[in-house]
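Student: Sharing a structure, written as structure tokens. Questions coming.
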Amino acid sequence: MLDKLIGALPVMLKNSVLTLELTLGGIAIGMVLGLLLAIGRLSKNKLVGGLSWFYIWLFRGTPLLMQIFFIYYALPLISPALKFPKLASAIAALGLNSGAYLAEIIRAAILSIDKGQMEAAKALGMSYKQAMARIIIPQSYRRLIPPVGNEFIMLLKDSALVSSIALTELLRTTNQLVNNNASALFYLPAAAIYLTLTSIFTLVFQRLEAKYSVYE
């Protein structure tokens, strides 16, 4: 059995690359969407603020697995033009879900900046948008590193849910090996790979936090 476990490592490592692609794609979409939603929540425009709140409420209040199913299976039923490949559907679902959580993280970071900063920017003749882009957001991103790191790690683990639409990432590969060999021991190297990946990225975010906290 040990020989089979060792022999399975190459295919596990190969498909763990897809897990990384899903995570990086999802977090990239989530960061852009989260920033827009956070600014929307802080907007004085009631319509923009309401729509942003509704999006966050919807995606935080429903299971990620259900969102994956909806995007991949239900959207094509609404319109054939909304049928996307498995990988695109999975990244979209992860990104849309992550965006809702990151929006609240970013909003909290922006609100943590002293209000005097905005007042000083306006006193210099800056508009609200200029003050946000040049003063507030650049200061808040340092405070984003720890919570964004946590969201990244969560997304890395949650990416295993895309195996439900038959996308062959690390978990689905492991399930196939377990079924083919009638042994649950294959979950051990899979868990070790997940643990290694999360440990590496945890260290990366800790280094970033230590580096930028010097300027606080």
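The values are calculated or read from the model by the stated rules, or taken from the named source; none is laboratory data. Because the structure is a prediction, the values reported are computed rather than measured. Because the Cβ atoms are built from the backbone with ideal geometry, glycine has one as well, and the counts that use them run over all protein chains shown. Keep in mind that these areas ignore ligands, DNA and RNA; they rest on the heavy atoms of the full protein, side chains included. Shrake-Rupley method; radii C 1.70, N 1.55, O 1.52, S 1.80 Å.
Student: Wholly within region 1-71, which helices (runs of 4 or more DSSP H) include no fewer than the required count, namely at least 1 residues that are among the hydroxyl-bearing types (Ser, Thr, Tyr) and more than 30 Å from Asn181 (Cβ to Cβ)?
Tutor: In region 1-71, the matching helices (runs of 4 or more DSSP H) lie at 46-61.
Student: So, in region 145-184, of the ones that are farther than 24 Å from Ile6 by Cβ, out of contact with any helix residue (DSSP H, G or I) (no Cβ under 6 Å at 6 or more places or on another chain) and among the aliphatic types (A, V, I, L, M), which residue ends up surrounded by the fewest Cβ atoms within 10 Å (Cβ to Cβ)?
Tutor: The residue in question is Ala166.
Student: Still on this structure, I have one more. For Leu18, indicate whether it is under 18 Å from Leu171 (Cβ atoms) and open to solvent by 20 Å² or more (accessible area, probe 1.4 Å).
Tutor: yes
Student: Evaluate the following for Ile193: is it in a helix (DSSP H, G or I), in contact (Cβ under 8 Å) with a residue 40 or more places away in the chain and either over 17 Å from Leu94 (Cα atoms) or touching a helix residue (DSSP H, G or I) at 6+ places or on another chain (Cβ under 9 Å) (or both)?
Tutor: Values: in a helix (DSSP H, G or I): yes; in contact (Cβ under 8 Å) with a residue 40 or more places away in the chain: yes; either over 17 Å from Leu94 (Cα atoms) or touching a helix residue (DSSP H, G or I) at 6+ places or on another chain (Cβ under 9 Å) (or both): yes.
Here the answer is yes, as Ile193 does meet what is asked.
Student: Something else about it: Restricting the search to region 113-143, which residues are touching a residue at least 24 places away in the same chain (Cβ under 8 Å) and polar (S, T, N, Q)? Spell out how you get there, then give the answer.
Tutor: Within region 113-143, the subset touching a residue at least 24 places away in the same chain (Cβ under 8 Å) is 113, 132, 136-137, 139-143.
Listed by number, the residues that qualify are Gln139, Ser140.
Student: Could you run through region 128-144 and say how many residues are open to solvent by less than 20 Å² (accessible area, probe 1.4 Å) and either of a type in the set (Val, Ile, Thr) or in contact with an Asp or Glu (Cβ under 8 Å, 6 or more places away or on another chain) (or both)?
Tutor: Of the residues in region 128-144, 1 are open to solvent by less than 20 Å² (accessible area, probe 1.4 Å) and either of a type in the set (Val, Ile, Thr) or in contact with an Asp or Glu (Cβ under 8 Å, 6 or more places away or on another chain) (or both).
Student: Here's a follow-up. Go through the residues of region 162-173 one by one and say whether even a single one is under 27 Å from Ile39 (Cα atoms) and in a helix (DSSP H, G or I).
Tutor: No, region 162-173 contains no residue that is under 27 Å from Ile39 (Cα atoms) and in a helix (DSSP H, G or I).
Student: Out of all the residues in region 47-58, is one or more within 26 Å of Arg172 (Cβ to Cβ), free of Cβ contacts under 8 Å to residues at least 12 places away in the same chain, open to solvent by 50 Å² or more (accessible area, probe 1.4 Å) and over 14 Å from the mean Cα position of the chain (by Cα)?
Tutor: So far as region 47-58 goes, no, none of its residues is within 26 Å of Arg172 (Cβ to Cβ), free of Cβ contacts under 8 Å to residues at least 12 places away in the same chain, open to solvent by 50 Å² or more (accessible area, probe 1.4 Å) and over 14 Å from the mean Cα position of the chain (by Cα).
Student: If we keep just the residues of region 80-95 that are surrounded by fewer than 20 Cβ atoms within 10 Å (Cβ to Cβ), in contact (Cβ under 8 Å) with a residue 24 or more places away in the chain and aliphatic (A, V, I, L, M), which is farthest from Gly149 (Cα to Cα)?
Tutor: Initial filter on region 80-95 (surrounded by fewer than 20 Cβ atoms within 10 Å (Cβ to Cβ)): 80-88, 92.
Applying the additional criterion that residues be in contact (Cβ under 8 Å) with a residue 24 or more places away in the chain yields 86-87, 92.
Checking the rest, the ones that are also aliphatic (A, V, I, L, M) come to 87, 92.
Numbers: Leu87: 23, Ala92: 20 Å.
Result: Leu87.
Student: Right, here's the next one. Determine, yes or no, whether Tyr212 is over 21 Å from the mean Cα position of the chain (by Cα), under 27 Å from Leu33 (Cβ atoms) and either in a helix (DSSP H, G or I) or not charged (D, E, K, R) (or both).
Tutor: Yes; evaluated as a whole, the condition is true for this residue.
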